[in-house]
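Report on one structure; see the data block that follows.
The values are calculated or read from the model by the stated rules, or taken from the named source; none is laboratory data. It should be emphasised that the depicted structure is a prediction, and the values quoted were computed from it without experimental measurement. The protein model used for the area step is the full one, side chains on, heavy atoms only, and it has no ligands, DNA or RNA in it. Shrake-Rupley method; radii C 1.70, N 1.55, O 1.52, S 1.80 Å.
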Amino acid sequence: DGGITQSPKYLFRKEGQNVTLSCEQNLNHDAMYWYRQDPGQGLRLIYYSQIVNDFQKGDIAEGYSVSREKKESFPLTVTSAQKNPTAFYLCASSIEAEKLFFGSGTQLSVL
Amino acid sequence: LAKTTQPISMDSYEGQEVNITCSHNNIATNDYITWYQQFPSQGPRFIIQGYKTKVTNEVASLFIPADRKSSTLSLPRVSLSDTAVYYCLVGDWDRDDKIIFGKGTRLHILP
């Protein structure tokens, strides 16, 4: 059945390492989003993409990178430049901007 | 996007009706009001959306006064499983492609 899949569920990063979080959707949605959520806090927008091969920075893009080579996929790379990467990362997609469908999230921790 | 203000937290008891109010004094003419629900370690889930007056679905009702400067999410006869964070978003989804979540309201249902 249709949905949005994030993997892995848990991820550990070593100092100086880049890690990539996967986000795949089979909903045929044009728009995709990445959010970061710290404990007890709301969601903060990292990057979003309205169409293949195009994406824009959100409010906290520093230390992150994305690509949108396929409609179905919007991977997020947490680079070594992100000094405080421990957080819950959520990917979402939408066909109408007001209704987002979210994945189950990836919890990233630093070793 | 219009700024929204919600209570940080609320407590209620099983079987009660719960009303969560969101203030959005700077709402624009074309803005819609959307509510999401988030359980721990999960992505938010769309609950309801409205423009004016009252909207009802199988989960909740949304009341919007004539001046649209606030809105109230109403959850009838809550159960323990309604314990979650509820987010109010306001925006013109045809114009705004950034979707920003605030900190939401943490609702705790007691037995």
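Values computed for the structure shown
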read-out: Area of A:F101 that stays accessible when all protein chains are in place (1.4 Å probe, Å², to 10); value: 90 Å²
read-out: Long-range Cα-Cα pairs in the protein assembly as shown (distance over 22 Å), rounded percent; value: 52 percent
read-out: Surface per residue (accessible, 1.4 Å probe) for chain B, Å²; value: 52 Å²
read-out: Heavy atoms of A:E24 accessible to a 1.4 Å probe, total area in Å² rounded to 10; value: 70 Å²
read-out: B:V18 long-range amide H proximity, modeled H, under 5 Å; value: B:L75, B:R77, B:V78
read-out: Full-stretch length increase - B:S74, B:K98 - with 0.36 nm per residue and alpha-carbon distance subtracted; value: 6.0 nm
read-out: Greater than 24 Å apart at Cα, pairs in B:K54/B:K98; A:K99/B:K69; A:K14/A:K70; value: B:K54/B:K98; A:K14/A:K70
read-out: Under the Karplus curve 6.51 cos²θ - 1.76 cosθ + 1.60, θ = phi - 60°, whole-Hz ³J(HN,Hα) for the stretch B:28-38, x wherever Gly or Pro sits; value: 9, 4, 8, 6, 9, 10, 10, 10, 10, 10, 10
read-out: In Hz, Karplus ³J(HN,Hα) per residue of the stretch B:100-111 (6.51, -1.76, 1.60; θ = phi - 60°; x = Gly, Pro); value: 10, 9, x, 7, x, 10, 8, 9, 10, 9, 9, x
read-out: Debye-sum result for chain A in log10 I(q)/I(0), which assumes one identical scatterer on each alpha carbon, at q = 0.14, 0.16, 0.17, 0.18 Å⁻¹; value: -0.49, -0.65, -0.73, -0.82
read-out: Normalised alpha carbon radius of gyration of chain B [divisor 2.2 N^0.38 Å]; value: 1.02
read-out: Threshold 20 Å², the stretch B:26-49 residues less accessible with all protein chains present than alone (1.4 Å probe); value: B:Y36, B:Q38, B:S41, B:G43, B:P44, B:F46, B:Q49
